[in-house]
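Structure, as structure tokens:
The values are calculated or read from the model by the stated rules, or taken from the named source; none is laboratory data. Worth saying up front: this structure is predicted, and the values here are computed from it rather than measured. A quick note on method: Cβ atoms are made from the backbone with ideal geometry, for glycine too, and the neighbour counts reach across all protein chains shown. Protein only, heavy atoms only, side chains kept; ligands, DNA and RNA dropped before computing areas. Shrake-Rupley method; radii C 1.70, N 1.55, O 1.52, S 1.80 Å.
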Amino acid sequence: MGVHLDGSWGGGVSRLEVIEGPTGRRRRTKAERARIAAESLVPGVSVADVARRHGTTRWQVYDWRKKLRTGQLVVPESLAALPMFAELVVEGSAGEAPPAPSGVEVEIVVGDVVIRAGSGADEGQLTRAIRAARAATS
């Protein structure tokens with residue numbers, strides 16, 4: 001929808017256009033900002049990718065990282081307690097392992113939860129699935 005003013009009333013505005021839709025502004029809790037900043041600190045992760053995934057700008061992420069370092073933002077205990085990497089456990093020899101279902105390339109076991117992913121699995125999806133599995137088993 002557009003609203004136009006032509007300035008014929010003698011004002012200084014010759015045209016005003018109102019555009020509906022998302023403004024890009026979103027209120028986030030301190031915990032959300034800290035979690036996003038911490039996610040961007042994982043080795044090999046791109047700040048731009050993290051920003052895009054969470055619908056923010058990389059400049060905001062950089063600002064939140066700075067606040068995280070200076071103590072203005074604090075990572076929630078539940079997230080801080082999680083290890084950065086999952087432990088790899090190999091049981092038996094490769095010949096003894098049952099074949100994975102068709103299309104499954106990775107199988108991640110967290111407690112009693114098994115996460116199976118194909119080649120199209122996105123890193124963000126896997127990260128959220130692992131966090132959800134950890135939360136469910138703790």
Checklist entry - For the range 41-75, which residues satisfy the criterion of being more than 24 Å from residue 125 (Cβ to Cβ) and of a type in the set (Ser, Thr, Tyr)? => result 62, 70
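Yes/no per residue for (1) modelled with pLDDT of 75 or more; (2) surrounded by 10 or more Cβ atoms within 10 Å (Cβ to Cβ); (3) more than 18 Å from the chain's Cα centre (by Cα):
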position	(1), (2), (3)
80	no, yes, no
92	no, no, yes
99	no, no, yes
102	no, no, yes
106	yes, yes, yes
133	yes, yes, no
138	no, yes, yes
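If you scan the range 43-63, which residues turn out to be of a type outside the set (D, E, K, R) and either open to solvent by 40 Å² or more (accessible area, probe 1.4 Å) or more than 21 Å from residue 131 (Cα to Cα) (or both)?
Here is the first cut: in the range 43-63, the ones of a type outside the set (D, E, K, R) are 43-48, 50-51, 54-57, 59-62.
Those that are of a type outside the set (D, E, K, R) and either open to solvent by 40 Å² or more (accessible area, probe 1.4 Å) or more than 21 Å from residue 131 (Cα to Cα) (or both): 43, 44, 46, 48, 55, 56, 57, 59, 60, 62.
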